[in-house]
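Step one of this worksheet: look at the structure below.
The values are calculated or read from the model by the stated rules, or taken from the named source; none is laboratory data. Keep in mind the model is a prediction, meaning the values are calculated, not measured. Calculation scope for accessible area: heavy atoms of the full protein, side chains included, ligands and nucleic acids excluded. Shrake-Rupley method; radii C 1.70, N 1.55, O 1.52, S 1.80 Å.
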Amino acid sequence: MIQAKHHSYSKHNLLAQPTKPLNIEGEILARIAGLSYQSQWILFTSECPRPDYEQLSSFNVMCQNVIHMKASRTKTEIEIVMQAILSGNASAIVASNNIDIVNQKLLCQMASRHGCEIFFVEGRNTQYH
């Protein structure tokens, strides 16, 4: 287990089962790949689909630095993203586009001030099977 400011993350909680590729642009994956080589995490919120190993590795993302967070029983996705930004443990955060556009802009500004990048992708609720 890896301790990161009051939260425990298992480095094996990602990519344990086969998944469907994320609906995410190649430019974003290329940027995430570059950020994954920093000594910080790439955090996917629980509202995002589970990251797909094949898709990430095809863009040379260092998958051992990627965490798919568990859902919180008490905090909203916005609160989780804010906490992750403030922790200083993430070089990038991938959140769902279920967050409204005004809060997306505020989170982007906050992330920029703390040396973190944030990306918004199609959330679990809007995916079709």
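Put simply, the amide H of ALA90, placed in the peptide plane, has neighbours under 5 Å in TRP41, leaving out anything fewer than 5 places away on its chain. The order of HIS68, HIS114 by accessible area, most exposed first and with a 1.4 Å probe, is HIS114, HIS68. Surface analysis of the range 26-121 yields an accessible area of 49 Å² per residue, using protein heavy atoms and a 1.4 Å probe.
Taking only protein heavy atoms and a 1.4 Å probe, the accessible area of the range 26-121 is 52% carbon and sulfur. Measuring with a 1.4 angstrom probe and ignoring ligands and nucleic acids, MET82 comes out at about 80 Å² accessible. Compactness check for the range 26-121: Cα Rg over 2.2 N^0.38 Å is 0.99. In order along the range 104-119, phi translates into HN-Hα couplings of 4, 5, 5, 5, 4, 5, 4, 4, 4, 5, 10, x, 10, 10, 10, 10 Hz, rounded to whole numbers, per the Karplus curve 6.51 cos²θ - 1.76 cosθ + 1.60 with θ = phi - 60° and x for Gly and Pro.
An ellipsoid equivalent to the range 48-92, defined through the eigenvalues of its Cα gyration tensor, has semi-axes of 23, 13, 7 Å when rounded to whole angstrom and sorted largest first.
Put simply, the amide H of ASN97, placed in the peptide plane, has neighbours under 5 Å in VAL121, GLU122, GLY123, leaving out anything fewer than 5 places away on its chain.
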